[in-house]
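K.L.:
Here it is, the structure, as structure tokens.
Just so you know, all these numbers are worked out from the coordinates, no wet-lab data involved. Since we're looking at a predicted model, the values are computed, not measured. No Cβ is skipped: glycine too gets one built from the backbone with ideal geometry, and neighbour counts run over all protein chains shown.
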Amino acid sequence: MSKQASNARQVLVTGIQTTGTPHLGNLAGAIQPAIEASRAPEVRAFFFLADYHALIGVWDAAALRRSTLEIAAAWLAFGLDPERVVFYRQSDIPEIFELTWMLSCLTAKGLMNRAHAYKAAVADNEAAGPQDDPDRGITMGLYNYPILMAADILMFKAGRVPVGRDQVQHLEMTRDIAARFNHHFGEKLVIPQASIREEAAVIAGLDGRKMSKSYGNTIPLFVSRKQLHKLVMKIKTDSTPPDEPKDPDGSSLFQLYRAFATPDQTRQLAADYRDGIGWGEVKKRLFELLDAQLAEPRERYVELTARPAEIETILRAGATKARAEAAPFLAELREAAGFTSLGNS
Ligand code: TRP
């Protein structure tokens, strides 16, 4: 029987890439649902900063460091409890990288050829015109991304990995890789399940496309009240005039509002859309809703980022806890693969 997640306590692992500045999309799609899930008594949560994943795209030491600080502070500001959650930096856990190599040696290259991110990069090259090298500009880091992610997950025996839809393929690959390891070396690795955050909102950015740092259309979480107001006013709307009924479902303002409002507030706004509320009024309501929820975390965030040494202490304590589990498990995996002492067999 393969090791499904049968542990009495559910292990939940999720990583957050340290690229850029945290924004509303991260809050609705990842931070809030993950923190909520971590509060369930039967859950053991491992949340980490995927900083070696970030290195794939960030080749600027100061930017990487800044983003690591900001993203760690964001999670803490929204209530991640480092006593409850094992909260660490990926790069502090050398066992993960050792496992990455072991897994790499078992992973079919063809499997990586099929990864969406890699295929998209090749497609971009091909779209740019006739290419002598469709892999131009693509690093081994990008190519191997899913294997590092598999190691993140398998190292801590995750049963459940809460991810967005875009990560489902990575989870499938993790399962494949783990099964291959188990086939050769015994049932050591827990085969994880993706738990897709259906309820977690994908929200639209300033231009109506999905809010994402790759589109540069984000609303950062920790701007001032004034700046937040300015950004909300910039969200694109269509030209339906005030007083004309509007369709809430096609509206990115509505989506954004819904992601942060109570069901009652959402129902009220939907009714007001049909009654022909003006866009200016919608924006005003959205702004007040957001500002009310962001004001306190904003203060905590400012305090936290002013004292980076405290964050460092929290992350190191998290790394100690994580390594206390990773090191003995890696030893077991090494032994299973034949890396044992020659002296006492
Ligand atoms: N690839 C994930 C993302 O972009 C981040 C990540 C890295 C991750 N390692 C992970 C998520 C392990 C879950 C589990 O969102």
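K.L.:
In percent, how large is the relative contact order of the chain, given Cα pairs closer than 8 Å and 6 or more residues apart? Numbers along the way, then the final one.
P.N.:
Numbers: 484 pairs, mean separation 78.6, N = 345.
Computed value for the chain: 23 percent relative contact order.
K.L.:
Taking the chain as a Gaussian network, Cα atoms linked when under 10 Å apart, which of P242, P146, P162 shows the biggest mean-square fluctuation?
P.N.:
P242
K.L.:
To continue, here is another question. In the chain, once you exclude exposed GluC sites (Glu not before Pro) (DSSP loop, at most 13 other Cβ within 10 angstrom), what's the longest stretch remaining?
P.N.:
Working: sites that count: E42, E83, E198, E199.
Counting only loop sites that pass the neighbour cut-off, the longest clear stretch is 200-345.
K.L.:
Just to check I understand the Karplus step: with θ = phi - 60° and J = 6.51 cos²θ - 1.76 cosθ + 1.60, what whole-Hz values come out for the range 220-234, glycine and proline as x?
P.N.:
Listing the rounded values in order: x, 6, 10, 7, 5, 4, 5, 5, 4, 4, 4, 5, 4, 5, 7 Hz.
K.L.:
Taking 0.36 nm per residue of separation and subtracting the Cα-Cα distance, what length does fully extending R136 through R209 add?
P.N.:
Working: separation 73, 0.36 × 73 = 26.28 nm, distance 2.76 nm.
That pair, R136 and R209, stretches by 23.5 nm at full extension.
K.L.:
Sticking with this one: As an exercise, identify the chymotrypsin sites (Phe, Trp or Tyr not before Pro) in the range 266-345 lying in DSSP coil whose Cβ has no more than 13 other Cβ atoms within 10 Å.
P.N.:
Working: sites: Y273, W279, F287, Y301, F329, F339; in loops: F339.
Qualifying residues, ordered by number: F339.
K.L.:
Could you work out the per residue convex hull volume over the alpha carbons of the chain, in cubic angstrom? Walk me through the numbers on the way to the answer.
P.N.:
On the way: hull volume 58.5 nm³, N = 345.
Taking only Cα atoms, the chain has a hull volume of 169 Å³ per residue.
K.L.:
Here's something else I'd like to know. Only helical DSSP H runs with n ≥ 4 go in: add -39500 (n - 2.57) per run for the chain, normalise by residue count and round the 222 nm mean residue ellipticity to 500 deg cm²/dmol. Walk me through the intermediate numbers first.
P.N.:
Numbers: 13 runs with 178 residues, N = 345.
Helix-only estimate at 222 nm: -16500 deg cm²/dmol.
K.L.:
List the residues of the range 286-309 whose backbone N lies under 17 Å from a point placed 7 Å from the Cα of D272 along the Cα-to-Cβ direction.
P.N.:
Counting only backbone N, you get 286-293.
K.L.:
To continue, here is another question. Using only Cα positions of the range 1-114, each an equal point scatterer, no hydration layer, compute I(q)/I(0) via Debye at q = 0.10, 0.18, 0.23 Å⁻¹ and quote the log10 values to two decimals.
P.N.:
Cα-only, vacuum Debye calculation for the range 1-114: -0.37, -1.06, -1.29.
K.L.:
Which one, H116, L154, V58, projects farthest toward the positive side of the charge dipole computed for the chain from Cβ point charges (K/R +1, D/E -1)?
P.N.:
Value computed over the given set: L154.
K.L.:
Magnitude of the Cβ-charge dipole of the chain, K/R +1 and D/E -1, about the Cα centre, nearest 20 debye? Intermediate results must be reported in sequence, preceding the final value.
P.N.:
Working: 41 positive and 42 negative charges, 61 e Å.
Using Cβ point charges on Lys, Arg, Asp and Glu, the chain gives about 300 debye.
K.L.:
Could I ask something else about it? When the Cα centres of the range 68-94 and the range 140-195 are compared, how far apart do they sit, in Å?
P.N.:
21
K.L.:
Rounded to whole Hz and in sequence order, give me ³J(HN,Hα) for the range 53-59 from the Karplus expression 6.51 cos²θ - 1.76 cosθ + 1.60, θ = phi - 60°, writing x for Gly and Pro.
P.N.:
Working through the residues one at a time gives 5, 5, 4, 4, x, 10, 10 Hz.
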